[in-house]
Amino acid sequence: MRAQVEVPSTKERGEGRPAKDSRGGEGRHLKESAPSRAGEVWLYGHHAVAAAIANPARKMLRLMGTTEALAKMTEEVGALGQARPCTRREIDSVVGEDAVHQGIAMLSRALEHNLTDILELTSTNPNACLVVLDQVTDPHNVGAILRSAAAFGASAVIAPDRHAADESGAMAKSASGALDKIAYVKSTNLVRALEEIKEHQFWLVGLDADAPQVLGQLKLGGRIALVVGAEGEGLRRLVRETCDHVARLPMAGDMESLNVSNAAAIALYEKVRQDAKG
């Protein structure tokens, strides 16, 4: 059974349902100065670019790198037919002076994923896990969540079309390659998407700092969608009401919440831990 979507193509198709804690702060925003056409994105950093090159669904339009960075990339992924040696200053001019690009950047088509396809791909996995983001706008947080979701075997990260981070170089850099290893799905109506997820036999487990029960008290075995709220705001009312369960993470002292990406990582670990126990 396949627990992780490997993003084989942009449109490839892809039991009982058994738990609002995620109010993190905004990270610093990198300035990405180069304009690009709609549907195009500049990716940068060794891991992000290497994963993009290895992903057959990713359409590369332009590759820029220093001589040293291109040599390192060639050793890892093979021949780079479209590579153009350039200076770090030239890369700064397209991805922004504050971007930690490690001497390499790639202009590519943004990936496209469909929720129905993802749900079909998970249909044979009795322990499938999804992560749903309710208006998480910081690309660094989304990137970190993608990295955790890939590490813990989730099948996809789902977010609304509006008031959510779009695919970007900052997101890909924070995801450290995970953006091209797990599907990041944008949905027009998040509540409708949650209902569709329910129809595919997932339990919806929302994280909320004010929930009466602790996440570890819930049974997270089986098909679970972890629903995580926006930085500083938590889950919106309709999203919270659509969840089957809401739970909080146990917090010591006077700390009320964790950064959204940290909360998601802990919830994903708890899911995997319970699955391992059977």
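Report the Cα centroid-to-centroid distance between the stretch 193-219 and the stretch 64-129 in angstrom, as an integer. With the stretch 193-219 and the stretch 64-129 each reduced to a Cα centre, they are spaced 33 Å.
Mind sorting CYS129, CYS86 by how few other Cβ atoms lie within 10 Å of their own Cβ, fewest first? Write down the numbers at each step before the final one.
Details: CYS129 27, CYS86 20.
By the 10 Å Cβ count, ascending, the order reads CYS86, CYS129.
For the residue pairs LYS72/LYS186; LYS59/LYS173; LYS59/LYS186; LYS173/LYS198, the alpha carbons lie more than 22 Å apart in LYS72/LYS186; LYS173/LYS198.
Taking other C-beta atoms within 10 Å as the exposure proxy, ARG237, ARG223, ARG109 rank ARG237, ARG109, ARG223 from fewest upward. Listed by Cβ neighbour count within 10 Å, with the fewest neighbours leading, SER155, SER176, SER123 appear as SER123, SER176, SER155.
Values quoted throughout were computed directly from the atomic coordinates according to the rules given, and no laboratory measurement underlies them. Since this is a predicted model, take the numbers as computed values, not measurements. Cβ coordinates were reconstructed from backbone atoms using ideal geometry, including for glycine residues, and neighbour counts include every protein chain displayed.
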